[in-house]
């Protein structure tokens, strides 16, 4: 690096390959990380793919069978613990601007959400656990009881719809012995939804991508001859 070790410039980060990114430490960022840097880190870790618009190149076929012009696999980045720590740090910075109250628990969903929510909890010195997958896309809360004065902060690594948020919250409410108080904000690392609030509270995120999803029969990329591939297999 040509700049300060304690504060790499945006340009320096954008030139880094994976080996250099894995050497970054949270205390090197005295400034806020930019969307461009987050995108670079995700792509370098093979955690983000966005279609160029060229019909000669393939597009994503999601697990649901739908078509998409983008795909995010945040675990490809979060497996590197230093990068997980850095991303959580910067989400928390935004969280602190939105909410000044206490946090008793940070809870994420199973499976990818557990990694990110744990790191958020660690940095906030809060308790942590995650819900477990149940039948019919439910999320179950089994292990601990949450006290009435222990506000719960929901933290997800990726939000595409509010389906998982709702399942986690319903699981916590059903699995707890008493009423649960939720913090008036929800955290997300990557936000690719058109929804910016849930149960009347804002979703605070680190980066947003306007990724579109279509039924195969109405997919404009399919119509132009672009082939469909499952991202995790290609």
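The values are calculated or read from the model by the stated rules, or taken from the named source; none is laboratory data. Worth saying up front: this structure is predicted, and the values here are computed from it rather than measured. Because the Cβ atoms are built from the backbone with ideal geometry, glycine has one as well, and the counts that use them run over all protein chains shown.
If you check residue 36 against the conditions, is it in a helix (DSSP H, G or I), surrounded by fewer than 18 Cβ atoms within 10 Å (Cβ to Cβ), over 20 Å from the mean Cα position of the chain (by Cα) and at pLDDT 95 or above? Against the criterion (in a helix (DSSP H, G or I), surrounded by fewer than 18 Cβ atoms within 10 Å (Cβ to Cβ), over 20 Å from the mean Cα position of the chain (by Cα) and at pLDDT 95 or above), residue 36 does not qualify. Listed conditions (1) in a loop (DSSP other than H, G, I, E, B); (2) within 22 Å of residue 117 (Cα to Cα); (3) under 18 Å from the mean Cα position of the chain (by Cα) are all met by residue 211, apart from (2). Among the residues of the stretch 95-116, what is the count of those that are assigned to a helix (DSSP H, G or I) and in contact with a helix residue (DSSP H, G or I) (Cβ under 9 Å, 6 or more places away or on another chain)? Final tally of qualifying residues: 5. For residue 142, the stated conditions hold: it is modelled with pLDDT under 95 and farther than 27 Å from residue 98 by Cβ. Checked against the criterion of being out of contact with any helix residue (DSSP H, G or I) (no Cβ under 7 Å at 6 or more places or on another chain), farther than 22 Å from residue 200 by Cα and part of a helix (DSSP H, G or I), the stretch 129-148 has at least one qualifying residue.
When 122, 94 are checked against the criterion of being in contact with a strand residue (DSSP E or B) (Cβ under 6 Å, 6 or more places away or on another chain), under 21 Å from residue 32 (Cβ atoms) and at pLDDT 95 or above, a single residue qualifies: 94.
Which of the residues that make up the stretch 7-23 are at pLDDT 95 or above and either crowded, with 18+ Cβ neighbours inside 10 Å or not in a loop (DSSP other than H, G, I, E, B) (or both)? Once the filter is applied, which keeps residues that are at pLDDT 95 or above and either crowded, with 18+ Cβ neighbours inside 10 Å or not in a loop (DSSP other than H, G, I, E, B) (or both), the stretch 7-23 yields 10, 11, 12, 13, 14, 16, 18, 19, 20, 21. When the stretch 64-83 is limited to residues that are in a helix (DSSP H, G or I) and either touching a residue at least 40 places away in the same chain (Cβ under 8 Å) or in contact with a strand residue (DSSP E or B) (Cβ under 9 Å, 6 or more places away or on another chain) (or both), the one that is surrounded by the most Cβ atoms within 10 Å (Cβ to Cβ) turns out to be 77.
Taking the criterion of being over 16 Å from residue 77 (Cα atoms) and buried (at least 18 other Cβ atoms within 10 Å of the Cβ), the only residue of the stretch 39-55 that qualifies is 51. For residue 31, the requirement of being touching a residue at least 24 places away in the same chain (Cβ under 8 Å), part of a helix (DSSP H, G or I) and surrounded by fewer than 17 Cβ atoms within 10 Å (Cβ to Cβ) is not met.
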